[in-house]
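Student: Okay, handing you the structure first.
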Amino acid sequence: MPASLRGTWDIISNVNFDGYMSALGISIYLRKIALRLKLRKVIEQQGDQYIIKTLSTFRNYAISFKIGQEFEEFTKGLDNGHIKSTVTWQGNKLMCEQIGEKKNRGWAHWVEGDKLHLELYCDGEVCKQVFKKNANDC
Ligand code: VL7
């Protein structure tokens, strides 16, 4: 079993978030706000059931899913898209495929050392985010 993703994680780097948001069709106005946010991930897990929360001072977003089971995702407050998502383990990576209007959309999460990594994909754009474990999270 790969390293656990559970916990509270705070962003320390964010590369090409703007390119990813552009591919999603997010307005320049919202992109400028989003680029300044210090994103936090809170990941909960019980067996194959996961909750991933993305928190910020501006907006929050959460998904809940079971490994290998397709679910309807509405990206409320993000690009407001209706997509069909499936999350699976591919080696040590938790990978999500998001089928909808946007091409090649998805993400991958993995843990390396004490860092949580995230790649966000949309239409050829890749955003790379790295998070460190929150000090108050044991
Ligand atoms: C979720 C945001 C930018 C619109 C608001 C910015 C608010 C805080 O898919 C994601 O995470 C996965 C993997 O951890 C689990 O859902 C990324 C943040 C991407 C896209 C859209 C800008 C408006 C950001 C919620």
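Student: How large, in percent, is the carbon and sulfur part of the accessible surface of the chain at a probe radius of 1.4 Å?
Tutor: Ligands and nucleic acids excluded, carbon and sulfur reach 50 percent.
Student: After finding the eigenvalues of the alpha carbon gyration tensor for the range 25-80, what semi-axes result from the square roots of 5 times each, listed largest first in whole Å?
Tutor: 25, 14, 7
Student: For Lys32, go through the aspartates and glutamates and keep the ones whose alpha-carbon is under 15 Å away, minus same-chain ones fewer than eight residues off.
Tutor: Here the aspartates and glutamates satisfying the reach criterion relative to Lys32 are Asp18, Asp79.
Student: Sticking with this structure for a sec: In whole Hz, with x marking every Gly and Pro, tabulate ³J(HN,Hα) for the range 86-94 from phi via Karplus 6.51 cos²θ - 1.76 cosθ + 1.60, θ = phi - 60°.
Tutor: 3J(HN,Hα) across the range 86-94, in whole Hz: 9, 10, 9, 8, 10, x, 8, 10, 8.
Student: Same structure again: Of Lys53/Lys133; Lys76/Lys128; Lys41/Lys128; Lys53/Lys102; Lys66/Lys102; Lys53/Lys128, which ones are farther than 19 Å apart at the Cα?
Tutor: Violating the 19 Å Cα-Cα cut-off are Lys76/Lys128; Lys53/Lys102; Lys66/Lys102.
Student: Along the charge dipole of the chain, pointing to its positive end and built from +1/-1 on Cβ of Lys, Arg, Asp and Glu, which listed residue (Ala23, Gln129, Ile11) has its Cα farthest out?
Tutor: So the residue we want is Ile11.
Student: Separation of the range 1-76 and the range 79-93 by C-alpha centroid, Å?
Tutor: 11 Å
Student: Okay, next question. Sort the range 78-138 into rounded, prolate or oblate with this rule: let a ≥ b ≥ c be the square roots of the eigenvalues of the Cα gyration tensor; rounded if a/c is under 1.5, and if a/c is not under 1.5, prolate when a/b is larger than b/c, oblate otherwise.
Tutor: Verdict is prolate for the range 78-138.
Student: Only Cα pairs under 8 Å and at least 6 apart count here; give the relative contact order of the range 38-83 as a rounded whole percent.
Tutor: In percent, rounded to a whole number, it is 25.
Student: How would the range 1-97 be classified by its alpha-carbon gyration tensor: rounded, prolate or oblate, with rounded meaning a/c under 1.5 and the a/b versus b/c comparison settling the rest?
Tutor: Prolate shape, in that a/c is at least 1.5 and a/b is the bigger ratio.
The values are calculated or read from the model by the stated rules, or taken from the named source; none is laboratory data. Quick caveat: nothing in here was measured; it's all calculated off a predicted structure. Counting neighbours? That spans all protein chains shown, and the Cβs are built from the backbone with ideal geometry, glycine included. Ligands, DNA and RNA are stripped out before the accessible areas are found, and what is left, the full protein with its side chains, is counted by its heavy atoms. Shrake-Rupley method; radii C 1.70, N 1.55, O 1.52, S 1.80 Å.
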